[in-house]
Amino acid sequence: MAAIYQALHRRASSLFCRLHSTYVRKMRYLNELKEDDSLCRQAQTSGTFYLFHNLCPFLQKVGKKYLVPQLSAAEMKRILEKCKGTEQWMEQSVLTGCSDEHVPHFALDLGALEKSVIESELKGSFTDLRKALFVVDRKDSPLLASAQSLLRWHDSHQFCSKTGHPTQKNAAGSKRVCQASGITYYPQMSPVVITLVSDGSRCLLARQPSFPQGMYTALSGFCDMGENVEETVRREVAEEVGLEVESLQYSASQHWPFPSSSLMIACHALVRADQAEISMDSLELEEARWFSLGEVVEGLKREPRPSKQDDGRFLPWFPPRQAIAHQLICEWVKQQTSQPA
């Protein structure tokens, strides 16, 4: 009987700890804000706001650092009054998260207002997201990416695809509803596989014509309807470089806001060394080639920007740390260097 009591006590204690953990309480609070419009509107008055202008986030440079400022509701009201902004600005904001103390965070796009006035008033600038992701603190990059993706989704889903009638967002921005048809639309991401191919001793990296000079990265492609991840990896590798995948291993995933909103699913793929001759799809890629361990290690040491060597050719370099391709490449290097000689 004592053993049963102790087991029940441990289960109850475990449940109590889970329900009162910081993460669980945050997630449940955010879910309440998404489901209850009146509660969300009340939270907006005490929340903080991240600003965008035509989907470009607002940054402030302090010394050598780029900060992502959070404005209070009172500061927002002051700025909008000065810029003659709409009184309905809170209705246009979207919920992006909250602090451990349950201070809710919202994002707002002020594209209808004069950009220079806001920048002058707040002493900062609206920056292209692709640049912003690589200059802000690493903890702020996912925040900017998810906020911009949500704002972009609302901007492009203002009408019902079935009836053509306007859709209306809820207070949190977690959905849009067509009153005419009753259809509810939720923000979506497109699944994309990003795959680092290896033949055991080398890894395959490629570049597209649109890439900055000298930049190489892992192969990537959107999942087709009906495909699972494994099928997409095998198809993309076959299409782009003419190789057949023998085995693959999942690594990690990352939300990526480009081209609109993608879920990057990172994998390692192994091909047979005796069948590793590349047959590149020139419509997709400008170049694809095998890199030795030494070449990859040297490439990782370089700054993520174009640089030329003495003969005028661009030195190979790889995506920066914030990109999941960088993680794949570093994992491959670690695998190679940990293998017994």
Inset, instruction - Consider Lys123 carefully, then state whether it is surrounded by fewer than 16 Cβ atoms within 10 Å (Cβ to Cβ) and of a type outside the set (Ser, Thr, Tyr). - result: yes
Inset, instruction - Could you pull out every one of the strands (runs of 3 or more DSSP E) wholly within segment 28-130 that has 1 or more residues that are touching an Asp or Glu at 6+ places or on another chain (Cβ under 8 Å) and more than 21 Å from His154 (Cβ to Cβ)? - result: 65-67
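This table checks each residue for (1) surrounded by fewer than 16 Cβ atoms within 10 Å (Cβ to Cβ); (2) assigned by TED's automatic domain parsing to the domain that holds Arg207; (3) among the hydroxyl-bearing types (Ser, Thr, Tyr).
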| position | (1), (2), (3) |
| --- | --- |
| Ala276 | no, yes, no |
| Glu287 | yes, yes, no |
| Ser292 | yes, yes, yes |
| Gly299 | no, yes, no |
| Arg313 | yes, yes, no |
| Ala323 | no, yes, no |
| Ile329 | no, yes, no |
Legend entry - Pro304 over 22 Å from Glu230 (Cα atoms), surrounded by 15 or more Cβ atoms within 10 Å (Cβ to Cβ) and in contact with a Pro (Cβ under 9 Å, 6 or more places away or on another chain): yes
Inset, instruction - Consider Ala206 carefully, then state whether it is among the aliphatic types (A, V, I, L, M), within 22 Å of Glu331 (Cα to Cα) and either within 23 Å of the chain's Cα centre (by Cα) or assigned by TED's automatic domain parsing to the domain that holds Phe52 (or both). - result: yes
Inset, instruction - Determine whether segment 272-285 contains at least one residue that is in contact with a Phe, Trp or Tyr (Cβ under 8 Å, 6 or more places away or on another chain) and modelled with pLDDT of 95 or more. - result: yes
Inset, instruction - Could you run through segment 101-146 and say how many residues are of a type in the set (D, E, K, R) and either assigned by TED's automatic domain parsing to the domain that holds Ser260 or under 29 Å from Leu39 (Cα atoms) (or both)? - result: 4
Legend entry - segment 300-316, residues that are in a loop (DSSP other than H, G, I, E, B) and of a type outside the set (D, E, K, R): Pro304, Pro306, Ser307, Gln309, Gly312, Leu315, Pro316
Inset, instruction - Check whether at least one residue in segment 276-299 is closer than 29 Å to Leu144 by Cβ, hydroxyl-bearing (Ser, Thr, Tyr) and touching a Ser or Thr at 6+ places or on another chain (Cβ under 9 Å), and report yes or no. - result: no
Inset, instruction - Identify the single condition in (1) touching a residue at least 60 places away in the same chain (Cβ under 8 Å); (2) in contact with a Cys (Cβ under 9 Å, 6 or more places away or on another chain); (3) farther than 22 Å from Leu33 by Cβ that Asp199 does not satisfy, given that it satisfies every other one. - result: (2)
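The values are calculated or read from the model by the stated rules, or taken from the named source; none is laboratory data. Keep in mind that what you see is a predicted model, and the values were worked out from it rather than measured. Every residue, glycine among them, receives a Cβ derived from its backbone with ideal geometry; neighbour counts consider all protein chains shown.
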